[in-house]
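Novice: Quick one: the structure is below, and I'll ask about it shortly.
The values are calculated or read from the model by the stated rules, or taken from the named source; none is laboratory data. Given the structure is predicted, the values throughout are model-derived calculations rather than measurements. Using ideal geometry, Cβ is built from the backbone for each residue, glycine included, and neighbour counts are taken over all protein chains shown. Keep in mind that these areas ignore ligands, DNA and RNA; they rest on the heavy atoms of the full protein, side chains included. Shrake-Rupley method; radii C 1.70, N 1.55, O 1.52, S 1.80 Å.
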Amino acid sequence: MTCRSQLSAWLCLISFGLLSLFSTGCGASGGGLMAGVGVADITGPAGEVPMMGYAKASQKTAGIHIRLFARAFVFRDRFGATVAYVNVDAAMVSQMVKLRVLEILKKKFGNTYTEKNVLLSAIHTHSGPGGFHGYTLYAISTLGYMSDTFEAFSNGIASSIEQAHLSLRPARLFYNEGELNDSSVSRSPSSYLLNPAAERARYSGDVDRTMQLLKLVDGSTGEPFGMLNWFPVHCTSLNNTNQMISGDNKGWAAQLFERYMSRGAQLPGKQKFVAAFSNANEGDVSPNTAGPRCIDTGEPCDILTSTCGGRTQKCVAFGPGRDMMDSARIIGQRQFNKALSLFQSATREVQVDSISVVHQNVDMTNYELTVNGQRVRTCKPAMGFSFAAGTTDGPGGFDFTQGDTSGNLFWNIVRSVLSKPSAEQVDCQKPKPILLNTGYMSFPTQWQPSVVETQLVRIGPLTLVALPGEFTTMSGRRVRDAVRAALEQNGMPDGTVILAGLSNLYSSYIATYEEYQAQRYEAASTIYGPHTLSAYVDQFGKLARALATNASVDSGPPVPNLYNKIKSYSFITPIVYDSVGIGRNFGDVVTQPKVAYRPGDTVSASFRTGHPRNNMMLGGSFMMVQRKNSSGDWEEICNDACVETRFRWQRTNALLGHSLAHLDWDIPSCARPGTYRLLHTGWYKPVLLWQKPRQFSGATREFQVKSSSARQATGQVRDVINDLFGSGCN
């Protein structure tokens, strides 16, 4: 709890225990609203764990670009109603993780936090570790369950909520929104054009470019302490060749904002100000603004199938930078720039009279409704042929292409070995040719969800829609319109609807009925058939009516907890032992840095190391940039979470257990002249198998950073840091 005077401390204490009796709450600002923020490291295993996102098992973690975090925001009204929103640096959230988070919170806070008032929303980075899903389809490409990832995510998310809960204080909210026009493009423009012309005419483009932002201000001191924004764009600036854990463009943006607000005073993950860059209806939205082209000829790809000479592998989308790291930086910085502008100009105060939540689990495999006078229903899950083609952000393999509405004989035979779809299923899913009949596959667990969480959260005039998957641009617009209309028709006009993407669980994609007919990747991955979106529009409309009228809804069928089933299925190679050879030590420097550098240079060094899975260093760091102060002591300047550092791990001999750690530091233009060194810390597993992992560390020789020369590295990492913090950034 943050209370700055004896009086406010008493008021805050009262608000925690007796809010139901004292309706004025803690402080008058914001109508008695209280809010708190928290952040926790959820990076997970940085070595030899398949990444989640591109469904490419060979893309395994091998270091850290930017650490992953859970950023929590807890809101409480004057009546005691509480809601927790967590922005998670992950590809998506799994039901299994949310259930574990609730178990942890229940032990600490009783029934304060339940599935109804906890909303977990992922940024959708494709550069994080996998192994946290219970549904088989989402676990296959990550070689099953990985306890390190699951526990890091679950414990970290719960910890962030706990921090936010304990830091509740009188708060004021300010809302702003604005257009960000240079950070996203449609990756399925031909599908978008299938939507009705009259509907398309209502919008200026084929992607949503509005960033919506909330500014959190301490009601007692007037100091900002948090920021939340929502902007739809895939975190796929880093492609499927990247092996360093990273929050991609949104991770970049969040770190820049947090470091800006602390003026570099705290290392990433240690800051008091928390900034979250959330996703929205990003299903068909790419950050690769240079668009797709044929990598062999440089010519445009076929717009309908995203192929070059009939092959998807040759059609690849590119970002605005020199390479994927530079593109992640550019798109991240553009989101940061927009968010900062909106934050600084946010003057519309949100008057929070109350907070309310409506939540219902729904069986999406047999949802019946009327569309255009006809009775229709959803289907049991299935994935189409074009799902295997991938996208221009990450092409798939074999001979699959986007836009396939017929399938082929060979893959039909392969499919039938797993599960041959019935005539009823084929008819229900048409025109999708079924590649994986997942709704009828249950070994070792269900392959995809049947029961889906739907949830709306109202904070005063703001209504958050928890989207349980990847909604395309037009799909999200229809949901937003339906929720807004239902609220207005039931006595809640002039509200603001915010889409929170990839929330609470993952149920693949949701394309419109019209987009579904073309069967590009997003449509082939719309698992409940052509009427999936119509069912969600209907369901969220019902929830909005219940929210506006304060009507109760039944909880619906329970979501399955697949943990006990999936935990036995892990095919990730265990760590047997680490070694460095006779006469060598863990932490020995193999490659020393040069004697002197200038800002704009990159410092590099290599160390003998152990496997990074021996200890994930959560809340810690595998590397540290240190500067010697005037007293001769070493000060920590940056760690492996910083955007200007890279920790890369290399297994040089698997049989002998040899590894190297490669550390890089891009020196900012604002770096102070002085004496520096790089420090590497890790853990190794002894050859004697009964012994536990042991910690070690090693440091490079000292090197000098000299005064900045006239040479500038325009657009580089170090200049971004310089722009943020000015001279003397460290």
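Novice: Looking at (1) assigned to a loop (DSSP other than H, G, I, E, B); (2) among the hydroxyl-bearing types (Ser, Thr, Tyr); (3) within 21 Å of the chain's Cα centre (by Cα), find the lone condition where Ser555 falls short.
Specialist: (3)
Novice: Could you tell me which numbered condition Phe343 fails, if it satisfies all but one of (1) in contact with a strand residue (DSSP E or B) (Cβ under 8 Å, 6 or more places away or on another chain); (2) in the same structural domain as Ile295 (by the TED database); (3) open to solvent by 20 Å² or more (accessible area, probe 1.4 Å)?
Specialist: (3)
Novice: Does any residue of segment 701-718 turn out to be of a type outside the set (S, T, N, Q), open to solvent by 20 Å² or more (accessible area, probe 1.4 Å) and in a strand (DSSP E or B)?
Specialist: Within segment 701-718, none of the residues are of a type outside the set (S, T, N, Q), open to solvent by 20 Å² or more (accessible area, probe 1.4 Å) and in a strand (DSSP E or B).
Novice: Output the number of residues of segment 415-428 satisfying the condition of being in contact (Cβ under 8 Å) with a residue 40 or more places away in the chain and within 24 Å of Pro444 (Cα to Cα). Walk me through how you get there before you give the answer.
Specialist: Here is the first cut: in segment 415-428, the residues in contact (Cβ under 8 Å) with a residue 40 or more places away in the chain are 425, 428.
From what is left, the residues that are within 24 Å of Pro444 (Cα to Cα) are 425.
Total satisfying the criteria: 1.
Novice: When residues of segment 346-371 are filtered for being more than 30 Å from Gly529 (Cα to Cα), open to solvent by less than 80 Å² (accessible area, probe 1.4 Å) and part of a strand (DSSP E or B), how many remain?
Specialist: Looking only at that region, the number is 4.
Novice: Go through (1) open to solvent by less than 50 Å² (accessible area, probe 1.4 Å); (2) within 22 Å of Tyr509 (Cα to Cα) for Leu193 and report which single condition fails.
Specialist: If we test Leu193 against (1) open to solvent by less than 50 Å² (accessible area, probe 1.4 Å); (2) within 22 Å of Tyr509 (Cα to Cα), just (1) comes out false.
Novice: How about segment 196-226: which of its residues are under 18 Å from Phe471 (Cβ atoms) and open to solvent by less than 60 Å² (accessible area, probe 1.4 Å)? Don't jump to the end; show me each part of the working.
Specialist: Within segment 196-226, the first condition is being under 18 Å from Phe471 (Cβ atoms), and the residues that meet it are 196, 199-200, 202-203, 205-212.
Once the filter is applied, which keeps residues that are under 18 Å from Phe471 (Cβ atoms) and open to solvent by less than 60 Å² (accessible area, probe 1.4 Å), segment 196-226 yields Pro196, Glu199, Tyr203, Gly205, Asp206, Val207, Asp208, Arg209, Thr210, Met211, Gln212.
Novice: For segment 633-691, enumerate the residues that are free of Cβ contacts under 8 Å to residues at least 24 places away in the same chain and either within 20 Å of Lys270 (Cβ to Cβ) or β-branched (Val, Ile, Thr) (or both).
Specialist: Asp633, Glu635, Thr645, Thr652 - these are the residues of segment 633-691 that are free of Cβ contacts under 8 Å to residues at least 24 places away in the same chain and either within 20 Å of Lys270 (Cβ to Cβ) or β-branched (Val, Ile, Thr) (or both).
Novice: Tally up the residues in segment 271-281 that are over 12 Å from Arg71 (Cα atoms) and either surrounded by fewer than 24 Cβ atoms within 10 Å (Cβ to Cβ) or touching a Ser or Thr at 6+ places or on another chain (Cβ under 8 Å) (or both), please. Working first, answer last.
Specialist: Just the residues of segment 271-281 that are over 12 Å from Arg71 (Cα atoms), to begin with: 279-281.
After this cut, where a residue has to be either surrounded by fewer than 24 Cβ atoms within 10 Å (Cβ to Cβ) or touching a Ser or Thr at 6+ places or on another chain (Cβ under 8 Å) (or both) as well, the list is 279, 281.
Residues meeting the conditions: 2.
Novice: Among the candidates Gly407, Gly476, single out the residue that is farther than 30 Å from Asn564 by Cα and surrounded by fewer than 23 Cβ atoms within 10 Å (Cβ to Cβ).
Specialist: Only one candidate passes the filter, namely Gly407.
Novice: Scan (1) acidic (Asp, Glu); (2) under 22 Å from the mean Cα position of the chain (by Cα); (3) over 19 Å from Ser246 (Cβ atoms) for the single condition Glu282 breaks and write down its number.
Specialist: Here Glu282 meets the rest and fails (3).
The rows are residues; the columns are (1) part of a helix (DSSP H, G or I); (2) among the polar types (S, T, N, Q); (3) modelled with pLDDT of 95 or more; (4) more than 28 Å from Val86 (Cβ to Cβ).
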position	(1), (2), (3), (4)
Pro421	no, no, yes, yes
Asp427	yes, no, yes, yes
Lys432	no, no, yes, yes
Gly439	yes, no, yes, yes
Trp447	no, no, yes, no
Thr463	no, yes, yes, no
Pro468	no, no, yes, no
Met474	yes, no, yes, no
Arg480	yes, no, yes, no
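Novice: For segment 482-512, name all the residues that are closer than 14 Å to Asp538 by Cα and part of a loop (DSSP other than H, G, I, E, B).
Specialist: Passing the criteria: only Thr512.
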